1. Out of all the residues in the range 23-41, which are surrounded by fewer than 17 Cβ atoms within 10 Å (Cβ to Cβ) and either small (Gly, Ala, Ser) or in contact (Cβ under 8 Å) with a residue 40 or more places away in the chain (or both)?
2. Hey, Ile235 hits all of (1) of a type outside the set (D, E, K, R); (2) surrounded by fewer than 20 Cβ atoms within 10 Å (Cβ to Cβ); (3) without any contact (Cβ under 8 Å) to a residue 60 or more places away in the chain but one; which does it fall short on?
3. Does Arg69 fit the bill of being at pLDDT 90 or above, over 23 Å from Leu327 (Cβ atoms), basic (Lys, Arg) and surrounded by 11 or more Cβ atoms within 10 Å (Cβ to Cβ)?
4. Across the range 62-83, which residue is nearest to Phe173 (Cα to Cα) among those that are more than 30 Å from the chain's Cα centre (by Cα) and either β-branched (Val, Ile, Thr) or assigned to a loop (DSSP other than H, G, I, E, B) (or both)?
5. Are there any pairs, at least 6 apart or on different chains, whose C-beta atoms fall under 7 Å, with the first in the range 114-126 and surrounded by 10 or more Cβ atoms within 10 Å (Cβ to Cβ) and the second in a helix (DSSP H, G or I), and if so, which?
6. Starting from the range 304-323, keep only residues that are outside any helix (DSSP H, G or I), then list their pairs with residues that are of a type in the set (Asp, Glu) whose Cβ atoms are within a distance under 7 Å, requiring at least 6 positions of separation or different chains.
7. Can you confirm whether Leu290 is under 25 Å from Leu54 (Cα atoms), touching a helix residue (DSSP H, G or I) at 6+ places or on another chain (Cβ under 9 Å) and at pLDDT 80 or above?
8. Here are Ala46, Ala79: which of them is in contact with a helix residue (DSSP H, G or I) (Cβ under 9 Å, 6 or more places away or on another chain), buried (at least 16 other Cβ atoms within 10 Å of the Cβ) and within 30 Å of Arg178 (Cα to Cα)?
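The values are calculated or read from the model by the stated rules, or taken from the named source; none is laboratory data. Source: prediction; values computed, not measured. Neighbour counts run over all protein chains shown; Cβ positions are idealised from the backbone, glycine included.
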Amino acid sequence: MNPTLRPLPNKDRETPIYLKLASILVAVIATVYILFVLRETIIPLAFSVLLAILLHPVCTWLERHRVPRIGAILLSILALFVVLVVLIYVVSIQIGSFAEELPRITEKAETILDQTLTMGERYLNISRSQQVSEAKKYMINALSEGRAVLLNTLVTTTGAISTFILIPLYIFFLLLYRHFFRRFIHKAFKSVPNDQLNLLLKKIYEVIKSYLSGLFLVILIVGVLNSIGLLILGIPHAIFFGFLAGFLILIPYIGILIGSVLPALLSVVTMDSPWYAVGVIGVMSFVQFLEGNFITPNIVGSKVSVNPLAAIVALFLGGQLWGLAGLILALPVTAILKVIFDAIPSLEPFGFLLGEPVHEVAEEQAEMRKEEQETREFKKKPYRKYRNKPRKKPDGPGGQLPAVSPEG
């Protein structure tokens, strides 16, 4: 056979690395494009999956008490609907009581504006008319830009509300066909043993359930702590603003800071000193510190083990892709991806990259302690005090060792 016609080895026939990278890049771009174009359908479906997982224990409990599956699902959805209606009613009452104080807030705002104009005239040598004209110019520009943003928001919100009406229907069918979907996954991945698939599905379920149940408990604790701090400062509507900031932890890392803006502005207008606003921001920043370092890690636990860098990157990407809904869904979706990556050998490095480096830090600290212990033991050895003494010259001519006979 002509050696030039021999078949190439397998390693020479492998796909070049640049083709692999190009195919991966094309797949990622196509996925992101599909997620963006179909966001009005995918976002409600994603929230429906999360809520269905949250309602699954309630539905299972009702079924164990001999309630038919359809009835158990309807009762679970009804319970969720009642909770949402109660929350909306409480918020509307607080907003109504807040609206009653608008005249007093307006009067105080006018006083603060007059003092600001006086200070600008006294210290910056800018006349009141010039200040007012500049303020009107910037306000007109802000209103013109805000009108466009508000219009786009209303259009988006209207479309989102019309789509979010389908969420109860999605939840109903997700709970009704949950075993059907499990069998579909088994049929779709026949090469993977059913035990491994069941274990993977169980891990995903546990991650989402622990995240959602822990999140509601964290919201309750953070709302109580914020309300206590605002009540001590004497801020009006302290409970409302405290729990509003608590609900905003659905937007991780920045939610509480956003929630502190409203009570801080209200304290500037209604209280006698601007230090109350500083106190509001200080209280909520301290609560956020407790929430990020003690409350959430101990309640949510290590099942949602995504390191802070990966979480921040996921938040930015989710916000750019899906807006506010992307910020809320970023962390649970990242946790699900980590579980899937850990289960697939070829993607395990990416799961390792998303996880928290707790074991690596512990191993590094243990290695450092071992090195320190070895150093201390070396310093305690008895020959340390003799190591600087000059060596004794060997016997024999010329300082060489004496000859030794073969007999010894």
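1. Result: Ser23, Ala27, Ala30, Val32, Leu35, Phe36, Glu40, Thr41.
2. (2)
3. Yes, satisfied.
4. This residue is Ile70.
5. Short answer, once both residue conditions are applied: Leu117/Arg128; Leu117/Gln131; Gly120/Gln131; Glu121/Arg128; Ile126/Gly120.
6. These pairs meet every condition: Ser305/Glu356; Asn307/Glu356.
7. no
8. Ala46
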